[in-house]
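To start, the structure under review is shown below, and the notes come after it.
Rule-based calculations on the coordinates, nothing more; no lab input. If you're wondering where the values come from, they're calculated on a predicted model, not measured in any experiment. So basically every Cβ, Gly included, is an ideal-geometry build from the backbone, and we count neighbours across all protein chains shown.
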Amino acid sequence: MNNAKRSRFLFTLTCFGLAFLYIPMIMLIVYSFNYSKIVPVWGGFSTRWYGVLFESEEVWNAVMLSLKIASVNACFATILGTLAGLALVRFGRFKGRTLFSGMITAPLVMPEVITGLSLLLLFITLKEFIGWPDKRGFTTITIAHITFSMAYVAVIIQSRLAGMAQDLEEAAQDLGAKPFRVLTDITLPLLAPGMLAGWLLSFTLSLDDLIIASFVSGPGAVTLPMLIYSRVRLGLRPDINALATIIIVTVAIGVLIAAWIMLRQQKQRAMELQMSGED
């Protein structure tokens, strides 16, 4: 197969892959503007289901709960995952390192059903012995999400540290900087892109989680994925299409903003390198 045929073959496969991913999303967006209650039957263009969606107190409660859980989870997961990554890469061979590394990476390979069930049993046992948690909801879901999200952050930080030279840290120590000062002034700023990536990944994983949240939630604590799943089980509904469309548009805007910021930083870095070369 020559280069021209190989290029056409790869281009065709890419088009099929993109179509498989994005055509269903486009159809979902189109049907969110369907006037008919029956989703597959087109009844004319209308925004009535967006009005129904915004008037739903149940949906807004689920959205707010999911955003609160995702924000708190992302912050704590980033802090704990960063500390775990630093310990695994910078502290060398310490006693119990293998066990600690296995415990950190276990949530990555553990089935979510097992994770959810084990956390549920943990919370039930804690309530029997110490009376906490009084009820399952925001706190238990957040703790459960931190448990698996910090593992992803730790992997990102480990990868970042593995590819990061220690010259600046060693130079700062030679100049008399204390370890904490080196951490705050040198290491953490260099880790900032990885920490930001970990925060965003943790936020997204929390918003997307259904299985673990279903195990550790209680009455009155319904996250957005749980709400969508419970409604879809009863059949396709146009207001769910409207909600999914809003999520897709929000994510697309976020991706475009992130891409614009990265492109701007690359251009600025290229200009700085060009100016330093001219000097």
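Listed values, structure above:
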item	result
At most 16 other Cβ within 10 Å, DSSP loop - GluC sites (Glu not before Pro), the stretch 1-75	Glu55
Range in the chain, longest, excluding exposed chymotrypsin sites (Phe, Trp or Tyr not before Pro) [loop by DSSP; at most 10 other beta-carbon atoms within 10 Å]	95-279
Measure of compaction for the stretch 65-132 (Cα Rg per 2.2 N^0.38 Å)	1.39
Backbone N under 12 Å from the Lys37 label point (7 Å along Cα→Cβ), restricted to the stretch 205-227	none
Lysines with Cα under 21 Å of Lys37, excluding same-chain neighbours fewer than 8 positions away	none
Alpha carbon Rg of the stretch 30-79, scaled by the compact-globule rule 2.2 N^0.38 Å	1.69
Among Ser118, Ser149, Ser71, residue whose mean-square fluctuation peaks in a GNM of the chain (springs only between Cα atoms under 10 Å)	Ser118
Loop-located trypsin sites (Lys or Arg not before Pro) in the stretch 89-168 whose Cβ has at most 16 other Cβ within 10 Å (DSSP)	Arg93, Lys95, Lys135
Charge-dipole axis of the chain as Lys and Arg at +1 and Asp and Glu at -1 on Cβ define it, positive-most pick from Ile157, Val182, Leu53	Leu53
Full-stretch length increase - Ile26, Asn3 - with 0.36 nm per residue and alpha-carbon distance subtracted	5.0 nm
Given (1) 61; (2) 41; (3) 57, the label whose value is percent of Cα pairs over 26 Å apart derived from this model	(1)
Contact order relative to length of the chain, as percent, for alpha carbon pairs under 8 angstrom and 6 or more apart	30
Gyration tensor verdict on the stretch 143-279 (Cα atoms; rounded if a/c is under 1.5, prolate if a/b is larger than b/c, oblate otherwise)	oblate
Eligible aspartates and glutamates near Lys178 by straight Cα distance, threshold 17 Å, same-chain separation 8 or greater	Asp167, Glu169, Glu170
